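The next block holds one structure in the form of structure tokens; read it before the comments.
Quick note: the coordinates plus some simple rules give every number you see, no bench work behind them. Please read these numbers as outputs of a predicted model, since none were measured by experiment. Backbone-built Cβ (ideal geometry, glycine too); neighbour counts: all protein chains shown.
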Amino acid sequence: MNGSIPRKARSVEAPLDRLRQAHPWPDRRPDVPEDWHGWLQPGTAWMLSSHLGPATRLVVECGSWLGLSARTILRAAPRAVLVCCDHWQGSPEHQPGTQHDDWSRRLATLHETFLRNLWRWRDRVIPVRADSLDGLAEVRDAGLVPELVYLDGEHSFDRVSRELAFLAEHWPLAVVVGDDYSELEVARAAHAHAQQTGRSMISNGSSFCFEP
């Protein structure tokens, strides 16, 4: 038995390896400039970091953009694997024709820039290119159970409500941290979930959190 892998570790590594094979990194680093544009507020960074640490092993992020929050998670949980679920097509507010040209011009190389930014952590990051709910379902179907899920995708009431309902059903012991609590629809969805489930929620100006 000396040198063998503990059963619990094997039970996690096998589905992680399958997920890695389904969503591989490219052989070469994308030839695009590094770009750490993003919106991670100090309150959200604090909420994430206060629930992460060396003992954390698996984190799922919904909505990654260029990897700013992913980098924060990886640094706060130095032994964790991070599954990033994003279609890398941007949300409605990022699209051309909106008031945010600085955001929409990044869409053409959004996925490549994310990979370039996180290249040094590619052994710890699994980029699942999918809609948030499809990505969460894929993680669930792989048999994985994250300790923390970070929600920062589409900011509509319906989407946040559906994400929270999925997490409560399938991973009730996971810490859930959500960004953009300052957005009316996000805050409304978080409070509605708390009322419907009886779960306790904590919040600050930029984020909310449901603890087990």
- request: Go through the residues of the stretch 196-210 one by one and say whether even a single one is part of a helix (DSSP H, G or I), among the hydrophobic types (A, V, I, L, M, F, W, C) and within 15 Å of the chain's Cα centre (by Cα).
  value: no
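For the stretch 180-205, which positions are among the hydroxyl-bearing types (Ser, Thr, Tyr) and in contact with a Leu (Cβ under 9 Å, 6 or more places away or on another chain)? First the steps, then the outcome.
Within the stretch 180-205, the subset among the hydroxyl-bearing types (Ser, Thr, Tyr) is 181-182, 197, 200, 203.
Scanning the stretch 180-205 gives a single hit, Thr197.
Restricting attention to the stretch 120-149, which residues are of a type outside the set (A, V, I, L, M, F, W, C), under 15 Å from Arg71 (Cα atoms) and in contact (Cβ under 8 Å) with a residue 24 or more places away in the chain?
Residues of the stretch 120-149 of a type outside the set (A, V, I, L, M, F, W, C): 120, 122-124, 127, 129, 131-132, 134-135, 138, 140-141, 143, 146-147.
So of that shortlist, the ones also under 15 Å from Arg71 (Cα atoms) come out as 120, 122-124, 127.
Arg122, Arg124, Pro127 - these are the residues of the stretch 120-149 that are of a type outside the set (A, V, I, L, M, F, W, C), under 15 Å from Arg71 (Cα atoms) and in contact (Cβ under 8 Å) with a residue 24 or more places away in the chain.
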- request: Report, by residue number, each residue of the stretch 149-192 that is buried (at least 17 other Cβ atoms within 10 Å of the Cβ) and among the small types (Gly, Ala, Ser).
  value: Gly153, Ser161, Ala174, Gly178, Ala187, Ala189, Ala190
task: Find all pairs meeting these conditions: Cβ atoms under 9 angstrom apart; at least six residues apart or on different chains; first residue within the stretch 59-73 and without any contact (Cβ under 8 Å) to a residue 60 or more places away in the chain; second residue of a type in the set (Ser, Thr, Tyr) and assigned to a helix (DSSP H, G or I).
output: Leu66/Thr113; Gly67/Thr113; Thr72/Thr44; Thr72/Ser49
- prompt: Which pairs do you get when a residue that is farther than 14 Å from Arg75 by Cβ, found in the stretch 35-49, comes within reach of a residue that is β-branched (Val, Ile, Thr), reach meaning Cβ atoms under 8 angstrom, with the pair 6+ apart or on two chains?
  reply: Asp35/Thr113; Thr44/Val177; Met47/Val177
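Here is a yes/no grid of residues against (1) in contact (Cβ under 8 Å) with a residue 24 or more places away in the chain; (2) not aliphatic (A, V, I, L, M):
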position: Ser161; (1), (2): yes, yes
position: Ala168; (1), (2): yes, no
position: Val177; (1), (2): yes, no
position: Glu183; (1), (2): yes, yes
position: Ala189; (1), (2): yes, no
position: Ala194; (1), (2): no, no
position: Gly205; (1), (2): yes, yes
